[in-house]
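Below is one structure; the comments refer to it alone.
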Amino acid sequence: MPAPTSPLPSRARVVIIGGGVIGTSVAYHLTAMGCTDVLLLEQGQLSCGTTWHAAGLVGQLRASESGTRLVQYSTELYARLEAETGLSAGFRRCGGIIVARTEDRMVQLRRTAAAAEAFSLDCEIIDPVRARERYPIMETGDLVGAIWLPGDGKANPTDLTYALAKGARAGGAVIRERTRATGIRTAGGGVTGVTTGEGDLEAEIVVNCAGQWAKQVGAWCGVTVPLHSCEHFYVVTEQIDGVHRDLPVLRDPDGYIYFKEEVGGLVVGGFEPNAKPWVAPDALPHPFEFQLLAEAWDHFSLLMDNAVARIPALAHAGIKKFYNGPESFTPDNQFILGEAPECRNVFVGAGFNSVGIATAGGAGRALAEWILTGDPGLDMTANDIRRFARFNGNNRWLHDRVGEVLGLHYAIPWPNRELTTARPFRRSPVHHLLAQANACFGSRMGWERPNFFAPRGEPPVIEYSWGAQNWLPWVTAEQRATRAAVAVFDQTSFSKYLLTGPGSEQALQWLCTADVAVAPGRTVYTGMLNERGTYESDLTVTRLSADEYLLVSSAATTERDQDHIAKRIPRGAHASLVDVTSAYAVFGVMGPRSRDLLRSLSGADLTDDRFPFGTSREIDLGYYTLRATRITYVGELGWELYVPAEFAVGVYQDLIAVGVEFGLVNAGYYAIEAMRLEKGYRAFGRELTPDYNPVEAGLLFACKLGTDVSFLGREAVEKARAEGPRRKLVSLVLDEPAAAPHAEPPTAGPPTAGPRSARGALWGGELVLRDGVAVGQVMSGAWGEALGAYVGLAYVRHPEGDVVTPAYLRSGSYQVNIGGDIRPATVHLRPPYDPAGTRVRGTPGRI
């Protein structure tokens, strides 16, 4: 294609960099929403980067409801593009089959089918015989089952891109091929324009959809886009008898492979367990248009051997083409979307991890809404660019991580799976002491955090399964010790910020649902909402002085919280936000003997009268001075100790040394998770997301609706309260008695009966049934030792869309579908454990 002859526009409201399927989808949806001043720049031809060699699979069912809705919209869009634009997207709804070689995989597929029912998506569990009826050339002798997804399909990536581009042009967008962006200009913390090989142009908004080049493009304006390319393989065969255009897409994840019909032959590809990272993002060649990498048959042989075992006809089929196309992957296997926190009005849509074709329609629409309204309209927390920090852009770290990430596409998605590469990463000051105590570490926002502590002589590892995993006896012992005596939790990974200045109270009163105009030394639990009245964060706010607050939030939301707060501080409110996460270690000292333990080290008066719940003040502890906040996330008497990093080792060692007298144990995040669920405490990212409001979440008590103080999202909350919730968060406890004894506990405390190890555990994501009808999903689940049962939090809706009332929730018979096992359950409208909160107030009572 020759270079463009018409002059480049001197300005555009929105400039999109990248003419692949994502960039053209964003352009299409911007114009469809009325934004016609759009310019798309593509350095080569449309689709010439990663898009053209994508396999084109369109599988609708995703791990989350919002992800599923994105792909459902994509299929609707692709099906109507030809009528709208005159160009076909090559989309064909041929259905999809996913097969299982093992019982573990079959459990996953049953869970998948239950999730499909929760999302009102057609899905059917079928046996190997019926699977072969739908795919006659498949070998099924080694299969234990499969699922059939009639709504799945396939699209032609290049055709789809050109159809979207034509629709964008019809809406007023200008698309310039052979125009290479070479820089992004900024001023005052925001974007001002784009530099190209043909000169500079002004822009109000820049959208980075540059695919593999997105990390490089982001760096032009100081934006971190954590991506790294891997080599990705598939072959296209000659025609094979029995292969026709309506043959379903076939996925065999236990063999790491997929199959799609193409011109009477098959596309055979996969996601090998150990991938081959390509060159560093800042060393990508140019030009690199419609190019592939060298064939790598040795690396592909594992996939091909599995493919021949599944489709024996492949042993005699000719190979038309071997594709080795580099494709960029993110560190956590989720794509990147949203406005960059580092530079105002720079948006990113990149890193689609081999789901770009399936997701492009929905992601393009969500990003267009984000650009025009400041809100994508649904929960994109898992994909939000603000889940990453600048340190995630390290190329060596990315190189080592993405080789694992690609292989996880078809790995069994075990609950609580931990990534193993590029670790350990961020470490608390006492990490080495926790390791000596035999901690098993998980990772959150790069922090190494103790999941649990194994007994001496036992390896501190997770043995993954759908049922009760190996660590459960050790975690139940940690729960018992916390409920009966005292435990210490390293919670250093908490996000911690200081908001200072004379306008701090004004800013937080607008940002927070709860009333934070409290006296210094008081701590308030609050939410932060968006304009729709749904959750952007939940946190604790401690007033330190007239002009200073300490904000404490979850580990994963550091960048998100700071960006949300900074952008929404009211104009004229003089307040400055500083991230102090790394300056303080945090130790949670929790349990009925926590006061006794702290008293043995401190001269502070910790009685209820002098140090009631919600109090925060500096105290002495041994040689050290630190902040103690009386609060709990486990439902027991306790304090969070905010310790200057240089004192952390000394404070922890003192706690451990003195704690022997009081039955102190180390405990981890698995115990926290179980105990917070017994108390019905919510967590952001699970029960609290941009899809849910305080009315649905049962958190109106944390909203200052009884005052005349306005806050962000208040009108939406009041409207939701007046209309009544169409879904409601409830506690849910499985009704079955425990059946198997625990293993010998590693700490003090009597052994009790435990969960059935042979049956699936409650992890979150399970389908909730009321009188046999699907009404919701479990958001989080765990074994609750104090209850002697699995416990979770679930959103329950009315199947007719009516208001969900307490009377409705209390009636009916509830069940939970756990991997196809239908288990009876009881719904609770108050916390199942200590509903009156006496233990939090330091009145032990009976467990």
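The values are calculated or read from the model by the stated rules, or taken from the named source; none is laboratory data. Keep in mind that what you see is a predicted model, and the values were worked out from it rather than measured. When we count neighbours, we look across all protein chains shown, and the Cβ atoms used for this are built from the backbone with ideal geometry, even at glycine. Protein only, heavy atoms only, side chains kept; ligands, DNA and RNA dropped before computing areas. Shrake-Rupley method; radii C 1.70, N 1.55, O 1.52, S 1.80 Å.
For the listed peptides 667-675, 109-117, 419-427, a ranking on the average number of other beta carbons within 10 Å per residue, highest first, reads 667-675, 109-117, 419-427. Between S731, V71, T523, the Cα set farthest toward the positive side of the dipole of the chain (charges on each charged residue's Cβ, about the Cα centre) is that of T523.
In the context of the full set of protein chains, the chain has a per residue accessible area of 36 Å² (1.4 Å probe). With all protein chains in place and a 1.4 Å probe, the accessible surface of segment 287-419 carries 49 percent carbon and sulfur. Taking a ≥ b ≥ c as the square roots of the eigenvalues of the alpha carbon gyration tensor, segment 1-64 is oblate, as a/c is not under 1.5 and a/b does not beat b/c. Spin-label model, K321/E661: points 7 Å from Cα along the beta carbon direction are separated by 7.7 nm. Length gained on full extension, E418 to Q653, computed as 0.36 nm times the residue gap minus the Cα-Cα distance: 81.8 nm. Highest mean packing first, where packing is the average number of other Cβ atoms within 10 Å per residue, the peptides 75-87, 606-618, 462-474 line up as 462-474, 75-87, 606-618.
Working from label points 7 Å from Cα in the Cα-to-Cβ sense, the E715 to R390 distance is 3.8 nm.
Dipole check for segment 387-490: with +1 at the C-beta of Lys and Arg, -1 at the C-beta of Asp and Glu, and the Cα centre as origin, the magnitude is about 380 Debye.
Counting Lys and Arg as +1 and Asp and Glu as -1, what is the net charge of the other residues whose Cβ lies under 11 Å from the Cβ of W52? Charge balance near W52 sits at -2.
How much of the accessible area of segment 131-277, probe 1.4 Å, is carbon plus sulfur, in whole percent?
Heavy-atom surface of segment 131-277 belonging to carbon and sulfur, 1.4 Å probe: 45 percent.
If I take R0 = 51 Å and measure r between the Cβ atoms of D246 and N274 in this structure, what FRET efficiency does the formula 1/(1 + (r/R0)^6) give, to the nearest 0.05? Computed FRET efficiency for D246 and N274 comes out at 0.90. Only one residue of S465, I818, G23 has its Cα farthest out toward the positive end of the dipole of the chain, where Lys and Arg carry +1 and Asp and Glu -1 on Cβ, and that residue is I818. Here segment 401-482 is treated as a sphere whose radius is the Kirkwood value from Cα pairs; by Stokes-Einstein at 20 °C and 1.002 mPa s it diffuses with a coefficient of 153 µm²/s.
Segment 769-833 and segment 476-533 have Cα centres spaced 28 Å apart. Dipole magnitude for the chain: computed about the Cα centre from +1 point charges on Lys and Arg Cβ and -1 point charges on Asp and Glu Cβ, it is near 900 debye.
Between the helical axis of 21-32 and the longest alpha-carbon principal axis of the chain there is an angle of about 80 degrees. Work the Kirkwood hydrodynamic radius out for segment 501-628: mean of 1/r over every pair of different alpha-carbon atoms, inverted, in Å. Value: 16.1 Å, from the Cα pair sum.
Running Debye on segment 262-396 with equal point scatterers at the Cα sites and no solvent, what base-10 log of I(q)/I(0) appears at q = 0.09, 0.14, 0.18 Å⁻¹? The computed values of log10 I(q)/I(0) come out as -0.40, -0.85, -1.14.
For P824, the shell of other residues with beta-carbons less than 10 Å away shows a net charge of -1, using +1 for Lys and Arg and -1 for Asp and Glu. Inter-part distance, segment 544-600 to segment 193-248, computed on C-alpha centroids, equals 38 Å. The label-point distance for R178 and E458, in a model that sets each label 7 Å from Cα toward Cβ, rounds to 6.8 nm. Treating r as the C-beta distance of D596 and T826 and R0 as 41 Å, the FRET efficiency rounds to 0.70. Scattering from the chain was approximated by placing one identical point on each alpha carbon and applying the Debye formula without solvent; log10 I(q)/I(0) at 0.06, 0.08 1/Å stands at -0.41, -0.74.
Think of segment 83-206 as having a plus end and a minus end, set by charges on the Cβ of Lys, Arg, Asp and Glu; of A118, T161, P136, T161 sits farthest toward the positive end of this dipole.
Quick one: pull the percent of accessible area on segment 428-578 belonging to carbon and sulfur, 1.4 Å probe, ligands and nucleic acids left out.
53
In terms of the mean number of neighbouring beta-carbon atoms within 10 Å, the peptides 653-660, 207-214, 332-339 order highest first as 207-214, 332-339, 653-660. Compared with the dominant principal axis of the Cα atoms in the chain, helix 65-85 is inclined by about 20°. If only the Cβ of Lys and Arg carry +1 and only the Cβ of Asp and Glu carry -1, the dipole of segment 121-210 around its Cα centre is close to 400 debye.
Using a Förster distance of 45 Å, how high is the FRET efficiency between L498 and T805, based on the Cβ-Cβ distance and rounded to 0.05?
FRET efficiency, L498 to T805: 0.55.
The long axis of helix 297-310 is offset from the longest Cα principal axis of the chain by roughly 90 degrees. Computed from Cα atoms alone, the Kirkwood hydrodynamic radius reported for segment 107-221 is 19.2 Å. Residues whose amide H falls under 5 Å from that of L46, counting only those 5 or more places apart or on a different chain, are absent, with hydrogens built in the peptide plane.
Residues with beta-carbon under 14 Å from that of A313, excluding A313: net charge, scoring Lys, Arg +1 and Asp, Glu -1? For residues surrounding A313, the net value is -2. For R726 and F290, the difference between the fully extended length at 0.36 nm per residue and the C-alpha to C-alpha distance is 152.0 nm. List the residues of segment 575-596 whose backbone N lies under 19 Å from a point placed 7 Å from the Cα of Y623 along the Cα-to-Cβ direction. Under 19 Å, as judged by backbone N against the label point of Y623, lie 585 of segment 575-596.
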